[in-house]
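Read through the structure below, which is laid out as structure tokens, and then see the notes.
The values are calculated or read from the model by the stated rules, or taken from the named source; none is laboratory data. These numbers were taken from a predicted model, which means no experiment stands behind them. We place every Cβ from the backbone using ideal geometry, glycine too, and count neighbours over all the protein chains shown.
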């Protein structure tokens, strides 16, 4: 095998290996599909080996391609590390960071934090998708997502961003009509406004216990849930900060105080085989530092 003295095509090859298609790889690093194809083909030509099995829509690594990927990935990591050090010394971040966000926490706290970061890095562009749907990181070119709850997908790296204590809340209008529940097991007799799940977890006798809930109103939009609580449609169970000033001004009333305290975690997640570009790593590091006071 001939010795080569250039890094041309290596970034494109690593990105293609992780994205699984030329289109997804091109979207991820902001170039054309033909550029990815030319660079990888040129790399294969210089090495005189076939690295990639090509099909119409997807591609996979050959055995030699997988070995080569394992060897060159640390080189890319080293370059990213050097780039991030330069950023800390006044260097510029450039390109697009695509992030999937979901929930009130992201809308009201994460998005403003990202806006501050964008203001400090004028060459950096952000593409934010606010949706709780499952994301195909590869096909959609998403760098990372911010999600709440329990991360069960073992293929994802999950880094805790913040802890949020959930509380149960209702309006005085609802409580006057339906009464005040004294224990979580009484929720079965009440209308509960479900969001992501129809089970709520409370601290009972020092243990976390799950209770099935139901009601006439369900939705994934936090403003819609708050509107339903105001209208007296039922009880909501969300992070305390989601209710804003409604607890202070009497719009909402906290209930079941003796059983609250179960934390809902927010996470930054991305595939464990995904190599994050320097710009995405810089944003992740910034968010982790920005919200460090909101987690253990």
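All of 146, 169 fail the test of being closer than 30 Å to residue 18 by Cβ and outside the structural domain of residue 28 (by TED's automatic domain parsing), apart from 146. Take the residues of the range 129-173 that are assigned to a loop (DSSP other than H, G, I, E, B) and farther than 24 Å from residue 242 by Cβ: which is modelled with the highest pLDDT? This residue is 143.
Being assigned by TED's automatic domain parsing to the domain that holds residue 65, within 18 Å of residue 278 (Cα to Cα) and either within 22 Å of the chain's Cα centre (by Cα) or touching a residue at least 24 places away in the same chain (Cβ under 8 Å) (or both) is a description that applies to residue 16.
Restricting attention to the range 129-186, the residues that are surrounded by 15 or more Cβ atoms within 10 Å (Cβ to Cβ) and without any contact (Cβ under 8 Å) to a residue 40 or more places away in the chain add up to 2.
Name every residue in the range 117-128 that is in a strand (DSSP E or B) and at pLDDT below 90, in order of residue number.
Selection gives 124, 125.
Scanning the range 277-296 for residues that are surrounded by fewer than 19 Cβ atoms within 10 Å (Cβ to Cβ) and either at pLDDT below 90 or more than 18 Å from residue 99 (Cα to Cα) (or both) yields 292, 293, 294, 295, 296. Any residue at all in the range 35-54 that is at pLDDT below 90 and not assigned by TED's automatic domain parsing to the domain that holds residue 141? Looking for residues that are at pLDDT below 90 and not assigned by TED's automatic domain parsing to the domain that holds residue 141, one finds at least one in the range 35-54, hence yes.
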